[in-house]
1. With runs of 4+ DSSP H residues as the only contributors, calculate the mean residue ellipticity of the chain at 222 nm using -39,500 (n - 2.57) per run, divided by the residue total and rounded to the nearest 500.
2. Taking 0.36 nm per residue of separation and subtracting the Cα-Cα distance, what length does fully extending Val56 through Asp19 add?
3. Solvent-accessible area per residue for the chain at a 1.4 Å probe radius, Å²?
4. For Asn75 and Lys37 in the same chain, what is the full-extension length gain: residue separation times 0.36 nm, less their Cα-Cα distance, in nm?
5. Looking at the square roots a ≥ b ≥ c of the eigenvalues of the Cα gyration tensor of region 28-72, which shape do they give, rounded for a/c under 1.5, prolate if a/b is larger than b/c, or oblate?
6. If I compute solvent accessible area with a 1.4 Å probe over the protein chains, what percent of it on the chain is carbon and sulfur?
7. Which ³J(HN,Hα) values in Hz, rounded to whole numbers, follow from the phi angles of region 2-12 under the Karplus curve 6.51 cos²θ - 1.76 cosθ + 1.60, where θ = phi - 60° and Gly and Pro get x?
8. Antiparallel as a % of all DSSP beta bridges within the chain, to the nearest 5?
Amino acid sequence: LKVIAIEQSSQSIDYTKADYSYPIALIIGNETHGVSKEVLDLCDQIVELPVFGVNVSLNVMVSLAIILYKSLEQNL
């Protein structure tokens with residue numbers, strides 16, 4: 001089982017470069033505090049979606065939906 005966090009972090013990689021080979025567990029945080037450092041330390045990968053414009057982050061559920069679609073795309 002590969003554990004992947006969706007979070008902005010100094011260790012995160014672009015979501016398009018991640019390996020979503022199944023089986024995976026996706027970790028998301030809340031809108032305010034994100035994923036804790038303790039949990040990030042346990043993850044195999046941390047992925048980040050690029051954000052352009054005024055906002056500095058995307059809605060958590062929108063980010064999850066994009067990553068879920070990307071994982072299906074890689075595995076089908």
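1. Using -39500 (n - 2.57) per qualifying helix, the result is -9000 deg cm²/dmol.
2. Extra length from Val56 to Asp19 when fully extended: 10.9 nm.
3. Dividing the accessible area of the chain by its residue count gives 67 Å².
4. Extra length from Asn75 to Lys37 when fully extended: 10.8 nm.
5. Oblate.
6. Here carbon and sulfur together make up 58 percent of the probe-accessible area.
7. Residue by residue, region 2-12 yields 9, 9, 10, 9, 9, 6, 7, 7, 5, 9, 6 Hz.
8. Values: 1 of 10 bridges.
The antiparallel proportion sits near 10 percent.
The values are calculated or read from the model by the stated rules, or taken from the named source; none is laboratory data. Keep in mind it's a predicted model, so treat the numbers as computed, not measured. Because the Cβ atoms are built from the backbone with ideal geometry, glycine has one as well, and the counts that use them run over all protein chains shown. When the accessible area is computed, the model is the full protein with side chains, heavy atoms only, and any ligands, DNA or RNA have been set aside. Shrake-Rupley method; radii C 1.70, N 1.55, O 1.52, S 1.80 Å.
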